[in-house]
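Data block below; observations after.
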Amino acid sequence: MSLFDLVALSLFQVFCYITNIMLANAALIIGAYLFGSLPFMLALGRAKGFDFTGEEDLHDALWHQAGRLWGLAGVFVDFAKGIIPVLIGFGFGLPLAVVATAGVAAVAGQMWPVFQKFDGEKGNSTGWAMVATLTLAYGAWPVLVMGVIPVALGFGIRTVPRFLVSDQTWNERLKLGGPPSLSLPLGMAVGFAATPLAAWLFHQSLEMVLPLLALFIIIIARRLTAGLAADLKAATNTRSILINRFLYDRSYL
């Protein structure tokens, strides 16, 4: 074999290697988006005889109409959407940037699912499952802690008073939903904002910081745009609506 043939063969092998890597990276990211888009929650409802198409909150609908067991199954499904793509990426030894991007893609799939005309959910459960899996698998647990603290405070402010009401049964205290909460969605927003900041402060690489920042951006984008057109038709103060959506995930307080 001549020197020219050896060089040509080496270049071809390098090309094939790079192509395989790019295909694997793209497959994970695209697959994560499609996995996030799958309408598992609607399927759970149909399995129980309910059609939740058009429901604003599928978790609430499953919990109250199909039962707690099915509601918990819906939560598990949302968590799985954020966990599985990240674990697959790490399992195949793909770069952190690709794995983290795939996690963000899974959340985007849940919020803008191709199988539901790009109108899905808010992405909170899947987003936190993705953040937890990514940071713990990469050993960046302080980032997770900094993000979870505001969420835990918001959840506590919202939930603890319910358990202190003496005339309620345990069934009522454990009921999903309840009065509209401002503390929990605010805690969610602060928590998602805190994760890229914490990753930067704890000297994580840009491969983690930037995807976490992208996650925060798409979470807020979904808050600002979900059902916005209908609200703007009856709006008297557009600025107030956008601020309320940004902070509290609702147009009106």
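Points worth noting:
- Scan of segment 112-124 for residues that are of a type outside the set (Lys, Arg) and under 8 Å from the mean Cα position of the chain (by Cα), ordered by number: Gly123, Asn124
- Helices (runs of 4 or more DSSP H) fully within segment 184-253 that include at least 3 residues being crowded, with 17+ Cβ neighbours inside 10 Å and of a type in the set (A, V, I, L, M, F, W, C): 206-225.
- With respect to (1) of a type outside the set (Phe, Trp, Tyr); (2) modelled with pLDDT under 95; (3) under 23 Å from Val190 (Cβ atoms), the lone exception for Val104 is condition (2).
- Residue count for segment 184-236, restricted to those that are touching a residue at least 40 places away in the same chain (Cβ under 8 Å) and small (Gly, Ala, Ser): 9
- Hey, Gly31 in a helix (DSSP H, G or I) and buried (at least 19 other Cβ atoms within 10 Å of the Cβ) or not: no
- Scanning segment 70-121 for residues that are among the charged types (D, E, K, R) and surrounded by 18 or more Cβ atoms within 10 Å (Cβ to Cβ) gives Asp78, Lys81, Glu121.
- The requirement of being of a type in the set (S, T, N, Q), surrounded by 15 or more Cβ atoms within 10 Å (Cβ to Cβ) and either closer than 22 Å to Phe192 by Cα or touching a Leu at 6+ places or on another chain (Cβ under 7 Å) (or both) is not satisfied by Gln65.
The values are calculated or read from the model by the stated rules, or taken from the named source; none is laboratory data. Model, not experiment: these values are computed from the prediction. Glycine gets a Cβ as well: all are built from the backbone with ideal geometry, and neighbour counts include every protein chain shown.
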